[in-house]
Amino acid sequence: MFKEHLDFECMDILIMNKNSENYENLILKHPLFCLLDSQSAQQLLMYCQSEYVDAEQNIVIEGEAIDCIYFIVSGLAEVTRKIHTLEKHQVMRIAELKKGDIIGLTSEGFASQTGLQTATVKAISPTHLLKVSLYDFLQFLKQPQVKYPNLKKLSEEFLLIQYIRSHHLFKNFTHEKIQVMVRAAQNIKIPSGTCLYQEGDVAHACYYLLKGEIVLLNYKQNSSTLIKINQMFGDVEFMSETRRIDSAYVRSDSELLIIEMDMVKKFISSEPPSLFQKIISKLMRN
């Protein structure tokens, strides 16, 4: 079974390499990427994975989180959107996608500004796609020669929204409130060797790592934890309003998003407390 899996992966790589030039043209002919050079298009292809879907199979579903984009290599797909009125709910067909189109992107950027799919896309014939995860797409956008600041900013925002939505501390927050909180987060760059906070400090904020490495040192337990890209830290003490249990040091030049306590408190006061928050509150009173 493992050998068969490797054989399929090798075959996929060979197919990608064989069609590399065709795939490159597919990218460069799209209005959004027409200013990319050949080398940049090849770099984007390195993050792509071939995916095949049957007719009538959904590719993305309206209302779900955006976690990837798709280049259509062959086949046809239809785009539908739910229309809600006072009298009835119906599904409206709004577009048809073909070879060269991108699911999730338009000629101007992301099709959504919220991090949620704005429509359902379903294959209406057997369809070959090139799939790029949102995380990998962000890594491509971080290349110095790739100049898409708005795409980069929204990719970071969408990834952080997804992370926060999956975090048990924020499970009662609506998507809209998480989005407001993320957009209010402060983006900072910190050089290697900086101490972000020390054990015993009041937890006024939590952090999301976009670039670099952070190490958390717990002197009492003589332990350390390495924080890598797209991880949140400092959040447990932050949400429970307790003092820091470790010290945070910047191991390499880093870029962070800082979520301040004042912003989160605005939403906590209007949301029913989670079980975790109830437990923490009870512990703090004892």
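The values are calculated or read from the model by the stated rules, or taken from the named source; none is laboratory data. Quick caveat, the model's predicted, so the values are computed rather than measured. Reconstructed Cβ throughout: ideal geometry from the backbone, glycine too, with neighbour counts over all protein chains shown. These area figures cover heavy atoms from the full protein model, side chains too; ligands, DNA and RNA do not enter into them. Shrake-Rupley method; radii C 1.70, N 1.55, O 1.52, S 1.80 Å.
Of all residues in region 89-110, none are of a type in the set (S, T, N, Q), under 25 Å from Asp136 (Cα atoms) and in contact with a Gly (Cβ under 7 Å, 6 or more places away or on another chain).
Check region 263-281 and report whether any residue there is aliphatic (A, V, I, L, M) and either modelled with pLDDT of 85 or more or open to solvent by less than 20 Å² (accessible area, probe 1.4 Å) (or both). For region 263-281, residues aliphatic (A, V, I, L, M) and either modelled with pLDDT of 85 or more or open to solvent by less than 20 Å² (accessible area, probe 1.4 Å) (or both): present.
The condition of being more than 30 Å from Met181 (Cα to Cα) and either under 19 Å from the mean Cα position of the chain (by Cα) or open to solvent by 50 Å² or more (accessible area, probe 1.4 Å) (or both) holds for only one of Arg93, Arg81, that being Arg93.
Against the numbered list (1) open to solvent by 30 Å² or more (accessible area, probe 1.4 Å); (2) modelled with pLDDT of 95 or more, Glu87 comes up short only at (2).
Residue-level analysis places Gln139 outside the set of residues that are assigned to a loop (DSSP other than H, G, I, E, B) and polar (S, T, N, Q). Within region 110-123, residues that are free of Cβ contacts under 8 Å to residues at least 60 places away in the same chain reach partners that are in a loop (DSSP other than H, G, I, E, B) and open to solvent by less than 10 Å² (accessible area, probe 1.4 Å) with beta carbons closer than 7 Å, at six or more positions or on different chains, in the pairs Ser112/Ile66; Leu116/Ile66; Gln117/Ile66; Thr118/Ser112. Exactly one residue out of Arg251, Arg165 is touching a strand residue (DSSP E or B) at 6+ places or on another chain (Cβ under 9 Å), open to solvent by 10 Å² or more (accessible area, probe 1.4 Å), outside the structural domain of Tyr135 (by the TED database) and in a helix (DSSP H, G or I): that is Arg165.
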